[in-house]
Amino acid sequence: MPRTLFDKIWDAHVVAEEAGRPAVLYIDLHLVHEVTSPQAFAGLAERGLEVHRPDRTVATMDHSIPTNGLPIADDAARTQLRTLAENCAKHGITLYDAESTNRGIVHVIGPELGYTQPGMTVVCGDSHTSTHGAFGALAFGIGTSEVEHVLASQCLLQRKPKTLEVRFEGALREGVSAKDLVLAMCAELGVGGATGHVIEYTGPAIRALDMEGRMTVCNMSIEAGARAGMIAPDETTFAYLRGRPHAPKGAAWNAAIERWRDLRTDEGAQFDRTVIIDATRIAPMITFGTNPGMGIPVTARVPSPDDAGPGERAALAKALLYMGLTAGEPLLGKKVDVVFIGSCTNARISDMRAAAAVMRGKKVAPGVRVLVVPGSQDVKRAAEAEGLHEVFRDAGAEWREPGCSMCIAMNGDMIEPGQYAVSTSNRNFEGRQGKGGRTFLASPETAAAAAITGKVTDARTLVGGAS
């Protein structure tokens, strides 16, 4: 019987299943960081348990690491990092610590080091684990108690989700990026539109994306309510993985390629739902409200609560009040105080290049603070080898050390009450980037354009491609 990509991976990892009960699912790769793991390790200690498969667990320090190059000032952060190091040493877990030359954001280093591979089940105590689905993996975030379960058993109780195909027909226009594509999807589906489903992204616009663009798309699956997002592996995937430190080598690589080629949805397989989006109609996007589904083309006007459905009217009115916006006003020209280019959504080398292309030879607008934060030490080295750090510094931006940084307002990297920020991160909830701060989510190009002009700007007007 024809099966979807999701069904193939799910079926291959079910250890035990009884009707009406969650399945026992085997986990291939467990990613760990300092924020959600301490309680899980403490739970193991209380029960006298060891980590069942330390070779299947990889840890990094990312959330609590300062990106300004200064010592850790926060006691809680210092404790989290020390605890992670102690737990990894005790249980024999590979750790990319503060001194590691490969340290970085967990969802950046997993793929770039070759840990993430097609056909895997991947979990992490972090909601944006869906990033790894770009490789044809079933990847999703888990809670602290579930982190403990995986550490103890390498398995997890899961109810089988439904499947949702999101097919992007046509090609993206000049000046439109993967971030715009996924923000457009979130605006169409809403933050709950994919609840209970795993999304498989299909169509020519998806196939045309490079791996880093695919990761951006899958990263934000959770923002539409999905359990995970996936893209079937292809030659683009294989080319990215070839030669990565932890990817298969030699004969094992050839055997892996043969297995991976079957990881696609069979002709005739049925999804529970299908949504078709015309990629040719997508413009550079920006959010205006307080969830990622409140997005519009950067050239559009803020929608009115009066035009929303009864269930959305109050939420939209509340969001506009918090954001200090008025229905019908354009976002173009809105003054910006801070720009953040980074996060597990957009802190890879292609994102750095995209931002630098807009900022090269220009200066940051007076009074605007700009943080450019690479997603890993590897990204930082690659960017510096290309001279991108000099582009940012010459423009007047801060070139930082790798870490989560202003995405979650840690280590002093935050916006002040009432300030507006254009951010390449994935969430714009109230206070997400600082208490009382107001966040517009956008692509690296749109963020860089705001940095240069000091206001919300269509980046195509700076580099060409406007229509």
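The values are calculated or read from the model by the stated rules, or taken from the named source; none is laboratory data. Predicted model only: the values in this text are computed from it and were never measured. Every residue, glycine as well, gets a Cβ built from its backbone with ideal geometry; the counts of neighbours run over all protein chains shown. Each accessible area value is taken on the protein alone, full model and side chains, heavy atoms only, with ligands, DNA and RNA left out. Shrake-Rupley method; radii C 1.70, N 1.55, O 1.52, S 1.80 Å.
Overview of values
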read-out: Mean shadow area of region 183-237, taken as a quarter of the surface of its Cα convex hull (nm²); value: 3.4
read-out: For region 118-232, radius of gyration divided by Kirkwood radius, i.e. Rg to Rh on alpha-carbons; value: 0.99
read-out: Cleavage-rule hits, GluC sites (Glu not before Pro), region 214-291, DSSP coil, Cβ neighbours within 10 Å at most 10; value: Glu267
read-out: Estimated distance in nm for a label pair at Arg159 and Glu174, the labels positioned 7 Å out from Cα along Cα-to-Cβ; value: 5.0
read-out: Accessible surface of region 173-232 [probe 1.4 Å, protein heavy atoms]: carbon and sulfur percent; value: 54
read-out: Reachable aspartates and glutamates from Lys162, criterion Cα separation under 20 angstrom, eight or more residues apart if same chain; value: Asp7, Asp11, Glu17, Glu18, Glu188, Glu200, Glu223, Asp266, Glu267, Asp272
read-out: Per-residue ³J(HN,Hα) for region 103-114, Karplus 6.51 cos²θ - 1.76 cosθ + 1.60, θ = phi - 60°, Hz, x for Gly and Pro; value: 5, x, 4, 3, 8, 9, 6, x, x, 5, 8, x
read-out: Hz values of 3J(HN,Hα) by residue in region 370-386 - Karplus curve (6.51, -1.76, 1.60), Gly and Pro given as x; value: 10, 10, 10, 10, x, x, 6, 5, 5, 5, 4, 4, 5, 5, 5, 5, 8
read-out: Stretchable slack from Glu235 to Met1, in nm (0.36 nm times residue separation minus alpha-carbon distance); value: 81.7 nm
read-out: Cα centroid separation - region 31-91 against region 188-217, whole Å; value: 31
read-out: Proximal lysines relative to Lys160, as straight alpha-carbon distance under 26 Å, when same-chain residues fewer than 8 apart are discounted; value: Lys8
read-out: Rg in Å to one decimal, and Dmax rounded to a whole Å, for region 350-440 via C-alpha atoms; value: 13.3, 38
read-out: Sites Arg381 and Asp74 - FRET efficiency at Förster radius 30 Å, r taken between beta-carbons, to 0.05; value: 0.65
read-out: Reachable lysines, given that their alpha-carbon falls under 19 Å from the alpha-carbon of Lys380 and they are not under 8 places away in the same chain; value: none
read-out: Alpha-carbon Rg/Rh ratio, for region 314-467, with Rh computed the Kirkwood way; value: 0.96
read-out: Kirkwood hydrodynamic radius of region 107-160, Cα pairs, Å; value: 11.4
read-out: Pairwise Cα inverse-distance average, inverted: Kirkwood Rh of region 53-121 (Å); value: 13.0
read-out: Kirkwood Rh in Å, taken over the chain so that all alpha-carbon pairs contribute; value: 22.4
read-out: Approximate shape of region 66-193 as ellipsoid semi-axes (Cα gyration tensor, √5λ), whole Å, largest first; value: 31, 21, 15
read-out: Listed peptides 354-366, 208-220 by packing density, highest first (mean Cβ within 10 Å); value: 208-220, 354-366
